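Here is the structure we will look at.
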Amino acid sequence: MNHNIQKQKPRHPDGLHILAIGRVSTLMQNESNIEAGYKYAEQGLAGITDAPLVIKRLGEQSSGMIVDRPTMLEAYSLLDAGWPDVVVMEDVSKSYRNPRWIQAFVQDCVDLDVRVIAPGDNLDTFEENWEVLLGAAAMRHGLHIPDTRRRVRRTATKAFHDGGMVLRARYGYMKLTAQQAKERPDHPENLLIARLPECTKTIQHLRCLVVDQDMYGHPVADWLNDNDVPPGPYVKQDRWQWKHVIDLLRDPILYGLRRFRKVMHQPIFATGKHRRQRNDAPECEHWACLAHMTEAEWRELQAALDNLSPKTRPKSGVDHPRHRVPRSDSVTPHQHATCAICGAFGYPSGDGVVKCKNAWRDASKRCWNHVEVNCELAREVLVDLILARLDRHPQARQALFDAAWREMERQSARSNHRLSELDREIEKLRQQEARLLVAIKDGVKLSRLRDEAEAIRQSLKTLERQRANATEADGMTSIAATREKFDPRTLLLHLARTSFEFADILRRIVPELRIQPIQQIDTGQVRPRAILRIDLGALAHDNNGSGRSQPEFVTVDLFTPPVHIEWLPAVLRVKEEYPAWSYVKIGRHLKIGYMTVKRARDYHKLMDKAGLAEPYRRLRKAPRYASRWKPRSGS
């Protein structure tokens, strides 16, 4: 490749803008490897211009299979902004390893009139046959993927059977270095994990608790915590949870059987990430020196656990409603509302309610705040507060409605696609059913045909039920079909209930949503109060608007107040205007019962006695008594 053939004129007055991309794959490589790649690539720039070179370098340590790497996102951002004249890299695999994305990146650069130079692949998009060279380079780099995968797998498998590949050690075991394994007496020198003899007594006692005393669940974890048994070196929390106990007791390493590759990681070529799948046939190797119990004792323990475990297990796999949904995806107020006492997120604690995750019994940092927030009420409050302020910020209003409408269109498209699939499946089954019925009427008396017809009929009922449920859950019928006529509140509430993307928008508008516990002074009941920071300027900024608004702090109660507290201001106002009026007369004037008036007056006396100016006491420490806060199973 001779870069002196075609010189390039810069598009910028300060010189020719060069974007240099570098990457290393493994942690063993360091910045010097990236620097060497830069120098090699930049040698190919000699003679391509007489103007000064303005070079910007982007490099990182990451897998080339990852699509949304920070450097590549920044590179695309610079390309969209028109900054580079030339993209240079040692070879095209420094952008991506997947041939699919190598081709896309280089072609995107060419579409934007940006030259690509990769000396290691003899590639220059200013040459006539650059497509041929790009295809050959992409194929060459793509061939390394399966070869590397096979090499890594066979090396890891051999290392496991030789005693290595110790990833994490459970309670009762410790990882060893190669030197420690050689120096340890009566221990195989290649085995890089060792049993801790001092833990055998505890593990055997756990077995007795389950097998002999039928103890199951959190009481076993509580026994370990009460006796200050450390949960193991790799447990993030400093307390045992039942999950930690069950994982330990179910592990066959307790009788010396090591397992490897229990989970397989299948690549997702669209993103470069991986999907975890359970491996029913992992690699196994037995080491007698690792046993805390015999195999017979372990199998007796498994039978006891099976007998004590709940017969109805939680849904998993494709049956789980959040199958293949990332944990970071959630609707409002999940992963949004935080505890004002400890700062932790609220976790679901029932049907449509959340409470502080540290209030659960298994939390390592226990929080006394057990107040629960109704999710639907929180969504309504958020939407109403935002809508009430949008009229003062027209640019934020436009940005929010644009984003909401785009999300609604995406939801509608997904819903229509799903309904179309169900319609096709239903029509196909109806045709099959019709053909079988004709065959049966014509005198065919095979019982197999009747069984097949019955199976099709049951499948048809299931699909029709799924279609009815999908239509009912669509939720779009109450929202106008045109953008000019839709009801903003209805649309925003629907998206707040269903859309992960809209939840991210709400988190930007309301970056702070703290749940403060407040206590009713006559009953001791603790209720949630929200302290919000609303920043509509986040939307205006995203929409390139001027005059960014200042954040606003708002306090609002997330509950329906009792009747006597709701009418308290009105009762006090009437009593002040007409001091001689009785409870009955005040009640008639306000059109409420006289007992409501009496309870309101009594509550006001309690407020005066407690020195409070508002009906609720703000809690900063655990109250001595809180209605409905007595200990429950799991909390």
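The values are calculated or read from the model by the stated rules, or taken from the named source; none is laboratory data. Being a predicted model, the structure only gives us computed values, none of them experimental. Virtual Cβ from ideal backbone geometry, glycine too; neighbours counted across all protein chains shown.
Observations on the model:
- Sole residue being crowded, with 17+ Cβ neighbours inside 10 Å and at pLDDT below 95, chosen from 580, 540: 540
- Scanning the stretch 295-340 for residues that are in contact with a strand residue (DSSP E or B) (Cβ under 8 Å, 6 or more places away or on another chain) and of a type in the set (A, V, I, L, M) gives 337, 340.
- Within the stretch 128-152, restricting attention to residues that are touching a residue at least 40 places away in the same chain (Cβ under 8 Å) and aliphatic (A, V, I, L, M), the residue that is farthest from residue 104 (Cα to Cα) is 145.
- Every residue from the stretch 145-173 that is β-branched (Val, Ile, Thr) and touching a Lys or Arg at 6+ places or on another chain (Cβ under 6 Å): 166
- Listed by position, the strands (runs of 3 or more DSSP E) enclosed by the stretch 257-324 that each have at least 1 residues that are within 30 Å of residue 201 (Cα to Cα) are 257-260, 283-286.
- Filtered residues of the stretch 43-74 (kept if hydrophobic (A, V, I, L, M, F, W, C) and within 13 Å of residue 17 (Cα to Cα)): 45, 48, 51, 53, 54, 55
- Residue 433 vs. criteria part of a helix (DSSP H, G or I) and either at pLDDT below 75 or farther than 30 Å from residue 353 by Cα (or both): yes
- Residue that is touching a Pro at 6+ places or on another chain (Cβ under 9 Å) and at pLDDT below 90, where the choices are 615, 561, 551: 551
- So residue 270, is it under 19 Å from residue 146 (Cβ atoms) and either surrounded by 15 or more Cβ atoms within 10 Å (Cβ to Cβ) or out of contact with any strand residue (DSSP E or B) (no Cβ under 6 Å at 6 or more places or on another chain) (or both): yes
- Of residues in the stretch 586-618 being without any contact (Cβ under 8 Å) to a residue 40 or more places away in the chain and surrounded by fewer than 14 Cβ atoms within 10 Å (Cβ to Cβ), the one nearest to the chain's Cα centre (by Cα): 614
Residue-wise test of (1) over 24 Å from the mean Cα position of the chain (by Cα); (2) assigned by TED's automatic domain parsing to the domain that holds residue 498; (3) surrounded by 12 or more Cβ atoms within 10 Å (Cβ to Cβ); (4) among the hydrophobic types (A, V, I, L, M, F, W, C).
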{"position": "380", "(1), (2), (3), (4)": "no, no, yes, no"}
{"position": "411", "(1), (2), (3), (4)": "no, yes, yes, no"}
{"position": "419", "(1), (2), (3), (4)": "yes, yes, yes, yes"}
{"position": "423", "(1), (2), (3), (4)": "yes, yes, yes, no"}
{"position": "429", "(1), (2), (3), (4)": "yes, yes, yes, yes"}
{"position": "437", "(1), (2), (3), (4)": "yes, yes, yes, yes"}
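- Applying the criterion of being aliphatic (A, V, I, L, M) and not in a strand (DSSP E or B) to the residues of the stretch 1-37, the residue that is modelled with the highest pLDDT is 36.
- Scope the stretch 305-332; condition over 30 Å from residue 175 (Cα atoms) and surrounded by 13 or more Cβ atoms within 10 Å (Cβ to Cβ); matching residues: 308, 329, 330, 331, 332
- The stretch 38-57: number of residues that are of a type in the set (A, V, I, L, M, F, W, C) and modelled with pLDDT under 80: 3
- Close contacts from the stretch 562-573, counting a first residue that is part of a helix (DSSP H, G or I) and a second that is of a type in the set (Phe, Trp, Tyr), with Cβ to Cβ under 7 Å and a gap of 6+ residues or different chains, come to 564/603; 565/603; 568/603.
- Test for residue 190: is it free of Cβ contacts under 8 Å to residues at least 60 places away in the same chain and under 27 Å from residue 364 (Cα atoms): no
- Condition met for residue 634 (within 30 Å of residue 362 (Cα to Cα), modelled with pLDDT under 95, outside any strand (DSSP E or B) and in contact with a helix residue (DSSP H, G or I) (Cβ under 9 Å, 6 or more places away or on another chain)): yes
- All of (1) under 35 Å from the mean Cα position of the chain (by Cα); (2) farther than 30 Å from residue 180 by Cα hold for residue 156 with one exception: (2).
- Look at the stretch 446-464: where a residue is closer than 13 Å to residue 435 by Cα and a partner is at pLDDT 75 or above and not in a loop (DSSP other than H, G, I, E, B), sitting 6+ places away or on another chain with Cβ atoms under 8 Å, you get 456/429; 456/432.
- Residue within the stretch 355-371 that is closer than 21 Å to residue 498 by Cβ and either over 22 Å from the mean Cα position of the chain (by Cα) or of a type in the set (Ser, Thr, Tyr) (or both) present: no
- Output for the stretch 169-186, where each listed residue is in a loop (DSSP other than H, G, I, E, B) and of a type outside the set (A, V, I, L, M, F, W, C): 170, 171, 172, 177, 184, 185, 186
- Qualifying position, being surrounded by fewer than 20 Cβ atoms within 10 Å (Cβ to Cβ) and in the same structural domain as residue 248 (by TED's automatic domain parsing), among 103, 107, 180: 180
- Matching residues, the stretch 187-228, being surrounded by 15 or more Cβ atoms within 10 Å (Cβ to Cβ), in a loop (DSSP other than H, G, I, E, B) and under 33 Å from the mean Cα position of the chain (by Cα): 216, 217
- Against the criterion of being in the same structural domain as residue 259 (by TED's automatic domain parsing), surrounded by fewer than 17 Cβ atoms within 10 Å (Cβ to Cβ) and closer than 23 Å to residue 299 by Cβ, residue 243 qualifies.
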